[in-house]
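Taking it in order: structure first as structure tokens, then the write-up.
Throughout, read-outs are computed from the coordinates displayed, never taken from laboratory work. Just so we're clear, the structure is a prediction, and the values are computed from it rather than from any experiment. In this analysis, Cβ positions are derived from the backbone assuming ideal geometry, glycine residues included, and neighbour counts consider all displayed protein chains.
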Amino acid sequence: MSEAEIQQEYLEIEKARKNPAAFAALYERYFERIFNYIFRQTGDEATAADICSGVFLKALSNLNKFEFRGIPFAAWLYKIASNEVKKYYRKHKRAIVFSIEENMVKDLIFDGYDENKEENIERMLEFLKELPTEMLEVLELRFFEGKEFKDIAFILDMTESGAKMRTYRALDKLRSKFNLTIKYNGKT
Amino acid sequence: MGRHEIRLRRSQMTSRMMDRYKNYPEVMRRFEREQQFKKLIKGITLVLFLLSLFLMIYLVVKIDNNKDKINDEVKIELGKSTEDKINSGSKINIS
């Protein structure tokens, strides 16, 4: 996001603070991203829709509390979404579901042997099952949502170095266990 | 955090699929209801606060009046007993 876009967005937030109807523009812009993020953590469309609606309601109600301190508005929405998903699982006492798109896993793995790709995906999924949930959350935000470490730290209430450490540890495990080349930040 | 389950999806959520769940008017309706509820709670809290304040003022005034009454009664009692002593001719020690 460029400086001008951030400024523009800040003006929109100011406008929405005075007139809640103006929040519609922000809702339109971020709905799909937030919905997808929640859907990846629930695997159920109706549940994702309910939580997503709650996220925007909470954001609108707490718009006065949002302070611009170098963290984009989107990260603030992700943080609310992450908390709402956790609240949902606490309430329903279920195992957390990570519903990941196959092509995203394929994008993440670059093995050089196309004939083994399916097998590697299966192995990768098995590995992801074994990872601690906290690690998976960081990986999801980093690779599937394309978030920066600074934003991940804000969303998951941790330090930036903590977020980096969790990601690198998970990637190291993956590399050592599968002897795979993992695409990192678009580069191998 | 506890255990988790991994599901692999063949298809991606498209914008059209997500459009079915987009409902800003509903979010606004819930927001307005929430604001009304907050206003109601604020109003009730204010009324309760004012009532408790008035009750406290009333009790303080009442206790103060009672104290005055008791003081007056003690003074009257003291006055009566002094008169009795004067009438009976005994000495009064004022210390």
Inset, instruction - Within segment B:21-59, track down each residue that is of a type in the set (Lys, Arg) and in contact with a helix residue (DSSP H, G or I) (Cβ under 8 Å, 6 or more places away or on another chain). - result: B:Lys22, B:Arg30
Inset, instruction - Looking at (1) farther than 27 Å from A:Glu122 by Cα; (2) within 11 Å of chain B (Cβ to nearest Cβ), find the lone condition where A:Lys87 falls short. - result: (2)
Inset, instruction - Residues being surrounded by fewer than 16 Cβ atoms within 10 Å (Cβ to Cβ) and at the interface with chain A (Cβ under 7 Å from one of its Cβ atoms): count how many of those fall in segment B:25-46. - result: 2
Inset, instruction - Test B:Arg33 against the criterion of being under 23 Å from A:Cys52 (Cβ atoms) and more than 32 Å from the chain's Cα centre (by Cα), and give yes or no. - result: no
Inset, instruction - State all residues of segment A:51-64 that are free of Cβ contacts under 8 Å to residues at least 40 places away in the same chain and either buried (at least 16 other Cβ atoms within 10 Å of the Cβ) or at the interface with chain B (Cβ under 8 Å from one of its Cβ atoms) (or both); if no residue qualifies, say none. - result: A:Ile51, A:Cys52, A:Ser53, A:Gly54, A:Val55, A:Phe56, A:Leu57, A:Lys58, A:Ala59, A:Ser61
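Rundown of residues vs (1) assigned to a helix (DSSP H, G or I); (2) over 14 Å from the mean Cα position of the chain (by Cα), yes/no style:
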| residue | (1), (2) |
| --- | --- |
| A:Phe68 | no, yes |
| A:Ile71 | no, yes |
| A:Tyr78 | yes, no |
| A:Asn83 | yes, no |
| A:Lys86 | yes, no |
| A:Tyr89 | yes, yes |
| A:Arg94 | no, yes |
| A:Ser99 | no, no |
